[in-house]
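All of the numbers you see were taken from the coordinates with simple rules; none came from a lab. What you are looking at is a predicted structure, and each value in this text was computed from that prediction instead of being measured. Here the Cβ positions follow ideal geometry from the backbone for every residue, glycine too, while neighbour counts run over all protein chains shown.
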Amino acid sequence: MNLFALVKLIFGIMIPFLLGFTAVCCIKRDNLLENIGLSYPLGIGILGLLMLLLMPFYKLSLISILLLTLPVYILFIILNIFPKRNASFKLSPSNKINKFSILLLIYLFIKVGWVFTSALIKPVLAWDAVARYSRIVKGIFFKGTYFTPYLHVRIEDYPPLVMVNQAWMLFCQGNWNDIATKAIGPMLFISLLIIVYVNLRKNLSVNISLLGASLLASIPFMDFHATTAYLDFAMMAFYSIGAIYLLRYFRDHRRNDLFVSFAFLGIGIWAKRAGLYLAGISLILLIIFLAIHKRNEIKKYWIIFLALLLLSIPWIIFNQLTSERHYYSLSAMLSSASLSALAERSATFFAVVSDKLFFSGNWHLLWAGLIIVCILFYKKLPRMHNLFGIGLILLSLLAIFYPLIFTGAFNFILDGTLLNRVILYLVPLVIFFSFNLYGDKAEESKKKQ
């Protein structure tokens, strides 16, 4: 990649970053670092949805996308110029660092450098990315749309948001350069590390928060997928951010955390098929939480429900109208679900899942660590926010596993090609929950002193 291509790559990154930054500042201004972490993933979500909105009516190009984005920028800037409250950023909690913190920061910088270098020194090589996603991205780039018979067959019922963002990177380059499409993964990688650190820091020390971010960065499978052009890493980023802020809301009851949560859960619906089920589970848990804690105020949250509906219903309609095949339709899963099918596959399923989670998968001690933390701090589990946290993890696993058991995708569990990729969605959430459970114990110890 030459210098001019690198400049165009930076331009392609900065446009959605600034779009996301102006948008997130309309929601919250608690912490500048936190807003920086949220900006890029929110920006590509907004940019992707704008491109999808433009596509049926006008051919996509760099100029047409920028012209559509400009009024949205202006709207967000106006909303930021005349805020009624939270007029300025608050400083983050004291970030005094010591030698251990410096070592962790060095490690994180090395990891980020490795992910960027590994992603940008080679073209797209992963099988699904080459065979499916890159072809669709190339079609969008050259045709300015994917409403063509060939692309309809290729895209099937895959949500297109990540692919149109990859096409955006090509529009910025002005030519076919699949290396540029891989820059999305490393940017989401950095964003996730910042978000996990900032949210842990709200309750934990600098050292422990940096340790949590470092453990997340050390997961081999996550590092690898940050350097590919698969959809799974983006799905993990959107869902994890949404889930983390949902847990923050369960703990702190701050409504702006809920806005952030459902913004990302809604965007995740357009990133991968699992996004719809995961957003649905999160919504159900929120309704239960509100029914318990805020029964008299539940009507005040209508905008959250409306926002999720406005993001999900268009995808359901769009999917039904444009997709040639539907692999994980609800009717197909219900028709395949039976006690005989469950009995036939369950033993094999649990054996393979156990092996991947605790032995052969590239997860370090992540899942064993979750169990150990729950055992060590079991007295903290009955707290309402922790119950909802463990419930979110378990129900999300169920939502991910159910389609795999009762569809043809069961074969992909047996050969190991799919299971690790869908488990990936929960990794940041599991680390965040585990460290917060420890944080509840540490917080109690401080009060006793």
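Summary table below
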{"read-out": "Mean Cβ neighbour count within 10 Å, used as a protection proxy, ranking 109-118, 35-44 highest first", "value": "35-44, 109-118"}
{"read-out": "Rough spin-label spacing in nm, given labels placed 7 Å along Cα→Cβ, for L394 and V130", "value": "4.3 nm"}
{"read-out": "Contact order normalised by residue count of the chain, Cα under 8 Å, 6+ apart, percent", "value": "17 percent"}
{"read-out": "Ranked packing of 208-219, 380-391, most packed first, by mean Cβ within 10 Å", "value": "208-219, 380-391"}
{"read-out": "Theoretical gain in end-to-end length, T148 to N411 [0.36 nm per residue, Cα-Cα removed]", "value": "91.6 nm"}
{"read-out": "Inter-label distance for L66 and L3, nm, one decimal - labels placed 7 Å from Cα along Cα-to-Cβ", "value": "2.2 nm"}
{"read-out": "Label zone at F11 (point 7 Å along Cα-to-Cβ), backbone N below 19 Å, the stretch 47-80", "value": "47-48, 51, 60-71, 73"}
{"read-out": "Peptide ranges 138-149, 343-354, 169-180, 187-198 listed from the most packed, as the mean C-beta count within 10 angstrom indicates", "value": "187-198, 169-180, 138-149, 343-354"}
{"read-out": "Above-threshold pairs, the threshold being 23 Å between Cα atoms, out of K182/K272; K138/K182; K138/K272; K143/K182", "value": "none"}
{"read-out": "Estimated FRET transfer efficiency when R0 is 35 angstrom, pair F82-F109 (beta carbons, to 0.05)", "value": "0.35"}
{"read-out": "Segment N207-F57, length gained on full extension (0.36 nm per residue, minus Cα span)", "value": "48.9 nm"}
{"read-out": "Translational diffusion coefficient (Stokes-Einstein; Kirkwood radius from C-alpha pairs) of the chain at 37 °C, 0.692 mPa s, in µm²/s", "value": "145 µm²/s"}
{"read-out": "Spin-label model distance (nm) - I287 vs N362, 7 Å beyond Cα toward Cβ", "value": "3.9 nm"}
